[in-house]
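This report refers to the structure that appears directly beneath it.
The values are calculated or read from the model by the stated rules, or taken from the named source; none is laboratory data. Not measured: the values here are computed from a predicted model. FYI the Cβ positions are ideal-geometry reconstructions off the backbone, even for glycines, and counts take in every protein chain you see. Ligands, DNA and RNA are stripped out before the accessible areas are found, and what is left, the full protein with its side chains, is counted by its heavy atoms. Shrake-Rupley method; radii C 1.70, N 1.55, O 1.52, S 1.80 Å.
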Amino acid sequence: MSANGVVRLVMNEGAKGIEVAVSGKLRAQRAKTMKFKQGYMISTGEPKKNFIDRAVRHVNLKQGVLGIIVKIMLPQDPEGISGPKKPLPDVVEIVDPKSDD
């Protein structure tokens, strides 16, 4: 499917993770949901509001309606241009101890 191409393209552009879900009558009479995932994706809490971009589209076809949901997890950016300024809460920074001079 072309969703694999979208996943590869977004990950090459620097995203931390992506999930593409296509649901509806894909190849048979019965409706299904196909999910394509790659990378790291947070699904709960305050970081979800800051780090996840989500888009939903509906496509009308002769067979019925297809639904497409795309979630992209943005990387942390100190300038705030390509992602949020705040780091993830699970990031640990180790500081060197003070020397006794």
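Which pairs have Cβ atoms under 8 Å, sit 6 or more apart or on different chains, and link a residue in the range 77-101 that is closer than 21 Å to E46 by Cβ to one that is not in a loop (DSSP other than H, G, I, E, B)?
Close Cβ pairs (under 8 Å, with a partner that is not in a loop (DSSP other than H, G, I, E, B)) amount to G83/F51; P84/N50; P84/F51; K86/N50; L88/P47; L88/F51; P89/E46; P89/P47.
Considering only residues that are within 17 Å of the chain's Cα centre (by Cα) and open to solvent by 90 Å² or more (accessible area, probe 1.4 Å), which ones fall in the range 1-13? Walk me through how you get there before you give the answer.
Initial filter on the range 1-13 (within 17 Å of the chain's Cα centre (by Cα)): 2-13.
Within the range 1-13, S2, R8, L9, N12, E13 meet the criteria.
For the condition surrounded by fewer than 12 Cβ atoms within 10 Å (Cβ to Cβ) and either at pLDDT 90 or above or in contact with a helix residue (DSSP H, G or I) (Cβ under 9 Å, 6 or more places away or on another chain) (or both), what is the one hit in K71, K16, K86, K32?
Values: K71 fails: surrounded by fewer than 12 Cβ atoms within 10 Å (Cβ to Cβ); K16 fails: surrounded by fewer than 12 Cβ atoms within 10 Å (Cβ to Cβ); K86 fails: surrounded by fewer than 12 Cβ atoms within 10 Å (Cβ to Cβ).
It is K32.
Please count how many residues of the range 5-44 are free of Cβ contacts under 8 Å to residues at least 24 places away in the same chain, closer than 28 Å to G83 by Cα and part of a loop (DSSP other than H, G, I, E, B).
Going through the range 5-44 one residue at a time, the tally reaches 3.
Considering only residues that are touching a Gly at 6+ places or on another chain (Cβ under 9 Å) and open to solvent by 100 Å² or more (accessible area, probe 1.4 Å), which ones fall in the range 41-59?
Selection gives R57, H58.
All but one of (1) modelled with pLDDT of 90 or more; (2) not in a strand (DSSP E or B) hold for G80, so report the exception by its number.
Unmet for G80, out of (1) modelled with pLDDT of 90 or more; (2) not in a strand (DSSP E or B): (1).
Given the conditions (1) surrounded by 11 or more Cβ atoms within 10 Å (Cβ to Cβ); (2) not in a helix (DSSP H, G or I), which single one is not true for K62?
Here K62 meets the rest and fails (1).
Spot the failing condition for P75; the list is (1) more than 26 Å from R8 (Cβ to Cβ); (2) assigned to a loop (DSSP other than H, G, I, E, B), and only one is missed.
P75 satisfies all of (1) more than 26 Å from R8 (Cβ to Cβ); (2) assigned to a loop (DSSP other than H, G, I, E, B) except (1).
Output the number of residues of the range 45-59 satisfying the condition of being of a type outside the set (V, I, T) and assigned to a strand (DSSP E or B).
As a first pass, look at the range 45-59 and keep what is of a type outside the set (V, I, T): 45-51, 53-55, 57-58.
Those left that are additionally assigned to a strand (DSSP E or B): 53-55, 57-58.
Residues in the range 45-59 being of a type outside the set (V, I, T) and assigned to a strand (DSSP E or B): 5 in total.
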